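The values are calculated or read from the model by the stated rules, or taken from the named source; none is laboratory data. Since the structure is predicted, the reported quantities are computational estimates derived from the model, not experimental observations. Glycine also receives a Cβ, built like all others from the backbone with ideal geometry; neighbour counts cover every protein chain displayed. Please note that ligands, DNA and RNA were not included when accessible areas were found on the heavy atoms of the full protein model with its side chains. Shrake-Rupley method; radii C 1.70, N 1.55, O 1.52, S 1.80 Å.
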Amino acid sequence: MTEIASATVADRYGASRSKRWDRRLGWTLGSIAVLVGVLVIAFGGWRQSTTEFQNIGFTLQEVADEKNANVATTRFEVNADPGVQVSCAVEALNTSKATVGWKVVDLPVIEGRSQTVSIDIVTLGPATAAHAKACWPVEQ
């Protein structure tokens, strides 16, 4: 009776797809996925501009002639592709790590890869640290 039942089900719903067709489809889709992955790895970072920065140090000073304004000077090195305009965000922090001064600066375009920059930041209160927070290439 089971042969009759299975034959009736196959007649009613049709025979299943061949495993050979499923295997071909799997290999084709897998090959396409591998090819796309290799292309992304090979050409994904082809012309990306790399901009990096490294904090060197900072100094803190109090200027007496501007109603006792505090000034923090941060010094950092920026590495970017030659001829690329770069902007950096710098900030000064107090003892509780709250921002007491910040500035976005546009650095001059240079023909070399590296430049060292010193930036003065006027603060709202006494600062205990100053640093470059981020640098990025400016789209032209």
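A few notes on this one:
- Cβ-Cβ contacts under 9 Å between residues 6 or more apart (or on different chains), taken from a first residue in region 112-133 that is closer than 16 Å to LEU60 by Cα to a second residue that is among the basic types (Lys, Arg) and exposed (fewer than 14 other Cβ atoms within 10 Å of the Cβ), are listed as THR128/LYS97; ALA129/LYS97.
- Meets criteria (surrounded by 15 or more Cβ atoms within 10 Å (Cβ to Cβ), at pLDDT below 95 and out of contact with any helix residue (DSSP H, G or I) (no Cβ under 7 Å at 6 or more places or on another chain)) for VAL38: no
- Just so you know, in region 110-140 the residues that are touching a strand residue (DSSP E or B) at 6+ places or on another chain (Cβ under 8 Å) and in a loop (DSSP other than H, G, I, E, B) include one that is most open to solvent (accessible area, probe 1.4 Å), and it is LEU124.
Quick grid of which residues meet (1) open to solvent by 20 Å² or more (accessible area, probe 1.4 Å); (2) in contact with a Gly (Cβ under 8 Å, 6 or more places away or on another chain); (3) acidic (Asp, Glu); (4) at pLDDT below 95:
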residue: THR51; (1), (2), (3), (4): yes, no, no, yes
residue: ILE56; (1), (2), (3), (4): yes, no, no, no
residue: THR59; (1), (2), (3), (4): yes, no, no, yes
residue: ASP65; (1), (2), (3), (4): yes, no, yes, yes
residue: GLU77; (1), (2), (3), (4): yes, no, yes, no
residue: VAL84; (1), (2), (3), (4): yes, no, no, yes
residue: THR95; (1), (2), (3), (4): yes, no, no, yes
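- Here the condition is being modelled with pLDDT of 70 or more, on the phi < 0 side of the Ramachandran plot and open to solvent by less than 80 Å² (accessible area, probe 1.4 Å); of THR73, THR8, it holds for THR73 alone.
- Restricting region 97-109 to residues that are open to solvent by less than 80 Å² (accessible area, probe 1.4 Å) and in a loop (DSSP other than H, G, I, E, B), the residue that is nearest to VAL71 (Cα to Cα): ALA98
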